[in-house]
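The values are calculated or read from the model by the stated rules, or taken from the named source; none is laboratory data. The structure presented is a predicted model; accordingly, all values stated were derived computationally and were not measured. Cβ: placed from backbone, ideal geometry, glycine included. Neighbour counts: every protein chain shown. What goes into the accessible areas is simple: the full protein's heavy atoms, side chains included, and nothing from ligands, DNA or RNA. Shrake-Rupley method; radii C 1.70, N 1.55, O 1.52, S 1.80 Å.
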Amino acid sequence: MPLDPALRDRILASVEAGFADQIAFTQEMIRFGSLRGQEHAVQDFVFRALKGRGFMMDRFAMDREAIAAHPGGAPFSEEHSDAPIVVGIHHPREEKGRSLILQAHVDVVPAGPDKLWTHRPFDPVIEGDWLYGRGGADMKAGHAANLFCLDALRRIGLQPAATVYVQSVVEEESTGNGALMTHLRGYKADAVLIPEPEEEMLVRANTGVLWFQIEVRGVPMHVREMGAGANAIDGAYRVIGALRKLEEQLNAEKTGREHFEDIAHPINLNIGKIEGGDWASSVPCWCRIDCRIGLYPGVSAEELAKRIEACVLTHARGDSFLANNPPSVTFNGFYSEGYVLEPGSEAEAVLGRAHQGSTGKPLKSFMTAGYLDTRVYALYDKIPALCYGPISENIHAFDERVSLASLKRITGTMALFVAEWCGVESVPE
């Protein structure tokens, strides 16, 4: 049943009353430079924040064997984080409403050279409507909103009348194993809401993602005798050319795929990292490239992985040097499938009413060509998986920033959503 307008107004006023504290909390989170493998301190911070609010707490490590046995699990590499996952659990006095997972990740991508930022990347500066900082938009602003939307209810003496799990995960930026681990741990609910920076829209469809590394071996030689050697870096560039042709084929396959066929370039191959050689005057004998590519919903990660391996092998057979020295392909991160959020769920209807109540506008949806943890819940729990969050700019780039006005609006939406989806009861004295 839609919320009473008077209650809606009280909830939104409470969000407003707590928003200065919410901004300060978000800034504190940004100050943690929680790069991959360095998330322990921020997870301690989150643990204390949840425990201080009265949540029952669970903190646990990744189960490598369980993840490896699951079809949605990604390979572990030496860089895989060993930081814990943190879950705060709210139980109502009486279970009347529908249960909910609120999830966010604390890991952030590297900032690059500090000198290319207007402000230091982990210095959360506010200029006008914008809060700057690496990871502020993606997604510590949303992470804080998970707590403060519940704070807004408590401030007016209310709490969810259903079980709510507030999950803080790692590895979202590299494998998705953190969210999968909460699933394997047994946390399940009637819906999930993840406030990634999605421009105040609902993600309707999402690509899967594969990470892979290709290593090319060459024959070292002094440059004066370069013709007698084989340049591994040159060889790697030729392999990239073959992968670009595969990328073209994959984009041509968008025809007939709802949510994708009207997008100019839905599948993106990114050559994200390259390293090789040992000396400027020696023909390089090794080169490694780290790559990321998307895949359509309904295409398995294994299927695309085989196409990538076949592409590299086919190219090598026609290359005068690589035919006898075929490159190796290693899948070293994301190994995830995409999903489509089918319209018509009650959870989406509730979010639509909440968004309308907070912003005054109807809720729109769109396709996004990046990884989202919502895939775990859409594919394996088969529950409504809602990804919806604030307006941002420059995520994964210099001067990442999130709109504070938008953050307030989506926090209002979230509080209204929780109140209607879960129902409310009075906070026990």
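Observations, loosely collected:
- Within the accessible area of the chain (1.4 Å probe), percent carbon and sulfur: 51 percent
- With the simple model of a label 7 Å out from the Cα in the direction of the Cβ, residue 364 to residue 188 spans 3.6 nm.
- Take region 48-145 with all the other protein chains still there, run a 1.4 Å probe, and you get 46 Å² of accessible area per residue.
- Among beta bridges that DSSP assigns inside the chain, antiparallel share in %, nearest 5: 75 percent
- Net charge in the neighbourhood of residue 300 (other residues with Cβ under 10 Å of its Cβ; Lys, Arg +1, Asp, Glu -1) is -2.
- Summed over qualifying helices (DSSP H, 4 residues or more, each -39500 (n - 2.57)) and divided by its residue number, the chain shows a 222 nm mean residue ellipticity of -10500 deg cm²/dmol.
- The residues of region 191-319 present an accessible area of 47 Å² per residue when probed at 1.4 Å with all protein chains retained.
- Relative contact order of the chain, taken over Cα pairs closer than 8 Å and 6 or more residues apart, is 26 percent.
- Among (1) 82, 45, 35; (2) 82, 45, 40; (3) 68, 56, 45, the entry that matches Cα extents along the principal axes in Å as calculated here: (2)
- Shape of region 270-336, Cα gyration tensor, a/c cut at 1.5: oblate
- Rounded, prolate or oblate (a/c below 1.5 giving rounded, otherwise prolate when a/b exceeds b/c) for region 297-429 by Cα gyration tensor: prolate
- Accessible-area rank, largest first, for 151, 373: 151, 373, with all protein chains present and a 1.4 angstrom probe.
- Computed from Cα positions, the angle between helix 301-317 and the longest principal axis of the chain comes to roughly 20 degrees.
- Listed values for region 244-260 are Karplus-derived 3J(HN,Hα) couplings in whole Hz (6.51 cos²θ - 1.76 cosθ + 1.60, θ = phi - 60°), namely 5, 5, 5, 4, 4, 4, 5, 5, 5, 7, 6, 4, x, 9, 4, 6, 10, and x replaces Gly and Pro.
- Solvent-accessible area of residue 299, all protein chains in place: 20 Å² (probe radius 1.4 Å, heavy atoms, ligands and nucleic acids excluded).
- The order of 57, 414, 1 by accessible area, most exposed first and with a 1.4 Å probe, is 1, 57, 414.
- The chain: angle of helix 19-31 to the longest principal axis, Cα-based, in degrees nearest 10: 30 degrees
- Result for the chain in a Gaussian network model with C-alpha springs under 10 Å: among 163, 118, 26, the largest mean-square fluctuation is at 118.
- Proximal charge balance of residue 137 [Cβ under 10 Å; K/R count +1, D/E count -1]: -1
- Beta bridges by DSSP in region 21-175, antiparallel share as percent, to the nearest 5: 65 percent
- Shape call, region 33-119: gyration tensor on alpha carbons, a/c limit 1.5: oblate
- Rounded to the nearest 20 debye, the dipole magnitude of region 68-206 is 620 debye, with +1 charges on Lys and Arg beta carbons, -1 on Asp and Glu beta carbons, and the Cα centre as origin.
- Once the Cα atoms are used to define both axes, helix 40-52 deviates from the longest principal axis of the chain by about 10 degrees.
- When +1 charges are put on Lys and Arg Cβ atoms and -1 charges on Asp and Glu Cβ atoms, the dipole computed for region 28-68 relative to its Cα centre reaches about 180 debye.
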